[in-house]
Amino acid sequence: MVHETISPDGLPVRGAHRRNPYQYLMSGPQFDALLTRLALRRAESVWRNHHISPERAPHGVYPRPHMAFVLMDATAGPWVPNEDAVLAAVTLGERGHDFLPYAAAKAAGHRRTGHNWGTAVLVDPHLCGDGGFRYGHSAEVRGQIVGASSQSPDQDLHEAAALATDFVQALSELHQAWERRTGPGEWFTTDGLSGTEPVAMTGWFPTPEPGAAP
């Protein structure tokens, strides 16, 4: 499901998650609502910077009143393919959807190379290969990778970094509230039980016999 709203300036804003590794913090619909709430801030920025006068534009006038963002799952292991490691996507404006593949390419390249996709494009094109997107940049804030597209490379970088920062901060606030509600514990889960991975990792180790000598 896609959560949709309209910004105060009239831009369509759409957000949806593909994975939810934060189920102990929020449900799927709550996740999508969070995405659109954060996307409204970016919609305000895009609208303002598209209509601003050149002499007042800190990042230059934005060429388009629409944009796309792809967020990667910071909890996904490196063995997970990029197409399966997409956390969420956000579009702004009537044509935001058209730019999703470009935002995805930047985010995927960043995750694969371990640094801003613009570095690969501008400095090390040998890292790109067939099918690589020819423009940067992407952003990473405390492990959260975001690709953005439709403006100039530096403008895309600014907006991607802003969304990544807001998203990480929002999750931190939700996590702190969860800790206050639940108190001490061992696992980031709603039921206090571990995930399946730790069990699978240690299930082969023999259980001691009752009464066995230490």
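The values are calculated or read from the model by the stated rules, or taken from the named source; none is laboratory data. Just so it is clear, the structure is predicted and the values come from calculations on it, not from any experiment. Here Cβ is always computed from backbone atoms with ideal geometry, including for glycine, and neighbour counts include all displayed protein chains. What goes into the accessible areas is simple: the full protein's heavy atoms, side chains included, and nothing from ligands, DNA or RNA. Shrake-Rupley method; radii C 1.70, N 1.55, O 1.52, S 1.80 Å.
Details
- A search for C-beta distances below 7 Å between a residue of the stretch 81-99 that is over 26 Å from PRO21 (Cα atoms) and any residue that is surrounded by 15 or more Cβ atoms within 10 Å (Cβ to Cβ) and not aliphatic (A, V, I, L, M), counting only pairs 6+ apart in sequence or on different chains, returns GLY93/PRO12; GLY93/PRO65; GLY93/HIS66; GLU94/PRO12; GLU94/HIS66; ARG95/HIS66.
- Residue satisfying all of: in the stretch 112-151; touching a helix residue (DSSP H, G or I) at 6+ places or on another chain (Cβ under 7 Å) and β-branched (Val, Ile, Thr); surrounded by the most Cβ atoms within 10 Å (Cβ to Cβ) among these: VAL146
- Test: residue in the stretch 177-197 that is within 26 Å of ARG112 (Cα to Cα) and at pLDDT 90 or above: no
- With respect to the stated conditions, PRO210 fails to be open to solvent by 30 Å² or more (accessible area, probe 1.4 Å), of a type outside the set (Gly, Ala, Ser) and either under 23 Å from PRO21 (Cβ atoms) or within 24 Å of the chain's Cα centre (by Cα) (or both).
- Pairing each residue of the stretch 161-176 that is at negative phi and open to solvent by less than 20 Å² (accessible area, probe 1.4 Å) with any residue that is modelled with pLDDT under 95 and not in a helix (DSSP H, G or I), provided the two are 6+ apart or on different chains, yields no C-beta distance under 6 Å.
To keep it simple, each residue is scored yes or no on (1) under 12 Å from the mean Cα position of the chain (by Cα); (2) part of a helix (DSSP H, G or I); (3) more than 20 Å from TRP117 (Cα to Cα); (4) among the small types (Gly, Ala, Ser).
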| position | (1), (2), (3), (4) |
| --- | --- |
| GLN23 | no, no, yes, no |
| ARG37 | no, yes, yes, no |
| GLU55 | no, yes, yes, no |
| VAL80 | no, no, no, no |
| GLU83 | no, yes, no, no |
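- Residue count for the stretch 90-111 satisfying the condition of being part of a helix (DSSP H, G or I) and either open to solvent by 10 Å² or more (accessible area, probe 1.4 Å) or not charged (D, E, K, R) (or both): 15.
- Residue pairs meeting the criteria (Cβ under 8 Å; at least 6 apart or on separate chains; first more than 15 Å from LEU87 (Cβ to Cβ) and in contact (Cβ under 8 Å) with a residue 40 or more places away in the chain, in the stretch 18-44; second open to solvent by 50 Å² or more (accessible area, probe 1.4 Å) and in a helix (DSSP H, G or I)): none
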